[in-house]
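The values are calculated or read from the model by the stated rules, or taken from the named source; none is laboratory data. Every value quoted in this text rests on a predicted model; they were computed, and no experiment measured them. Cβ placement follows ideal geometry from the backbone for every residue including glycine, while neighbour counts extend to all protein chains displayed. Surface areas here come from the heavy atoms of the whole protein model, side chains and all, with no ligands, DNA or RNA. Shrake-Rupley method; radii C 1.70, N 1.55, O 1.52, S 1.80 Å.
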Amino acid sequence: MINNIIFDWNGTLMDDTLFTMNIENEMLAKRGMKTLTLEKYKEWFDFPVINYYVKMGYDFTKEPYEKLSVEFMDMYLSRYKECPLVPGTAEMLKSLKNRGKKMVVLSASQEDYLRRQIENYGITDYFDELLGLDDIHAVSKVERGRNWMAKSGLNPRETVMLGDSVHDYETASGMGVRCVLTSTGHQSKERLLKTGAPVVNSHREFLRLINKM
């Protein structure tokens, strides 16, 4: 039986895929660079995010990645409240809470930004812990998740991670827990299927799947 669920945040619970792509396109257009289609965005988006910036054509000898990260984050944080939750998120969290499940968010976002965002949606009380990184550069959450899992005392066989990226699959594998991926977010369904993990198209599908795990 699944008793513990670890959620990714961006693209999994927070519906910010188009929002993020639009900010990236504003930055690209300002520099006279080619903008992204949604298909190309989902094909290129990756962790560490610096690799994705290389694919977009940035030259770090002209503009350091750290400067670009700050520019993106300033735009993101000033407008993220435009984003809704992924459809069905509140209902899913309520259902899982009512069934006594332990729920945690594990994100590549800086932890204080993560907490601020979750509080904005009024869903903080559903979660037992909120786990982010210590800077804005979205490098990797594998180590953060592995260290937390080792200290948590949770049974890995009773734990599943829901995410929207190949990196979430890598994180779940590093933690020794099962993984389910959702096509609602930042990477294409085709990329997700290549991991071999189950891929769902909605939170309703996820609830049905974990009932069988």
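Hydrodynamic analysis of region 5-84 uses the Kirkwood radius over alpha carbon pairs. Inserted into Stokes-Einstein at 37 °C and 0.692 mPa s, it gives a translational diffusion coefficient of 245 µm²/s.
For the chain, a simple Cβ point-charge model (Lys and Arg +1, Asp and Glu -1, everything else neutral) yields a dipole of about 720 debye relative to the Cα centre.
Region 109-188 and region 1-76 have their alpha-carbon centroids 18 Å apart.
Highest mobility in the GNM of the chain, judged by mean-square fluctuation with C-alpha springs under 10 Å and restricted to Leu18, Leu162, Leu181, is found for Leu18. Modelled spin labels at Asp112 and Leu193, positioned 7 Å past Cα toward Cβ, are 4.4 nm from each other.
Against the empirical curve 2.2 N^0.38 Å, the C-alpha radius of gyration of region 71-213 lands at a ratio of 1.03. Each peptide in 48-61, 186-199, 167-180 receives the mean, over its residues, of other Cβ atoms within 10 Å, and ordering these scores from highest gives 167-180, 186-199, 48-61. Surface analysis of the chain yields an accessible area of 47 Å² per residue, using protein heavy atoms and a 1.4 Å probe. For the chain, the antiparallel share of DSSP beta bridges with both residues in that region comes to about 5%.
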